[in-house]
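Undergrad: This is the structure I have questions about; it appears just below.
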Amino acid sequence: MTKVLFDHNMPPSIARALNELIKLDGHEAFALREKFPTNISDIDYFNQLGIGWIVISKDLQNSRKKAERAAILRNKVVAFYLSPALLKKKINEQAAAIIWHWDKILVQRNAVENGLFQLPENKSKFRSL
């Protein structure tokens with residue numbers, strides 16, 4: 001079973017919608033505020049997640065911060081950041097892209113111990129960050 005956490009910068013409605021689709025296969029999706037206090041730091045929640053978790057975020061800058069990257073890698077989290085092109089899309093188009101890539105997201109989670117990847121708007125492959 002895989003658990004997905006949508007960062008504060010992602011609409012909770014996407015987490016709820018994805019959860020309805022993936023729970024049939026035993027997976028779960030949550031908005032960050034459903035699992036942690038709203039004032040928790042990124043590093044603190046990465047430290048509490050650990051193995052098996054996927055994080056989806058719009059905060060591409062976060063992927064470039066040393067401490068945040070280290071926390072993701074140390075805690076064996078796999079993080080996906082929406083690409084700049086996908087960030088420009090409407091919320092329903094962002095949700096559609098996440099759903100479109102869902103099976104590949106699961107494959108990636110199972111193929112790597114940890115990592116940071118860019119989620120493309122189209123059918124191209126994930127780019128390692």
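No value in this document is a laboratory result; all are computed from the given coordinates. What you see is a predicted model; the values in this text were computed from it and never measured. Ideal geometry is used to build each Cβ from the backbone, glycine not excepted, and the neighbour counts take in all protein chains shown.
Undergrad: Please arrange 54, 91 by how many other C-beta atoms lie within 10 Å of their C-beta, fewest to most.
TA: So the ranking, lowest neighbour count to highest, is 91, 54.
Undergrad: For a footprinting-style exposure proxy, rank 102, 53 by other Cβ within 10 Å, fewest first.
TA: 102, 53
Undergrad: Ranking 25, 7 by Cβ neighbours within 10 Å, fewest first, what do you get? Kindly include the intermediate steps, with their values, before the conclusion.
TA: Details: 25 10, 7 18.
Exposure proxy ranking, most exposed first: 25, 7.
Undergrad: Quick check: convex hull over the Cα atoms of the range 35-95, volume per residue in Å³, rounded to an integer?
TA: Given the Cα convex hull of the range 35-95, per-residue volume reads 98 Å³.
Undergrad: I've got another one for you. So how many Å³ per residue does the convex hull of the Cα atoms of the chain work out to? It would help to have the intermediate numbers written out before the result.
TA: On the way: hull volume 12.2 nm³, N = 129.
Hull volume over Cα atoms, normalised by residue count, gives 95 Å³.
Undergrad: So how strong a dipole does the chain carry about its Cα centre when Lys and Arg Cβ are +1 and Asp and Glu Cβ are -1, to the nearest 20 debye? Show your work: numbers first, answer last.
TA: Working: 20 positive and 13 negative charges, 77 e Å.
With Lys and Arg at +1 and Asp and Glu at -1, about 380 debye.
Undergrad: OK, next. Between residue 74 and residue 90, how many nm apart are label points set 7 Å from Cα along the C-beta direction?
TA: Going by the 7 Å Cα→Cβ label model, 4.2 nm.
Undergrad: Additional query: Considering the Cα trace of the range 1-54, what is its radius of gyration and what is Dmax, both in angstroms?
TA: 10.9, 31
Undergrad: Between residue 44 and residue 113, with labels modelled 7 Å along Cα→Cβ, what's the label distance in nm to one decimal, could you check?
TA: About 2.8 nm, to one decimal.
Undergrad: Next up: Which net charge results for the neighbourhood of residue 68, defined as the other residues with beta-carbon distances under 12 angstrom from its beta-carbon, given Lys and Arg at +1 and Asp and Glu at -1?
TA: Here the charged neighbours net out to +1.
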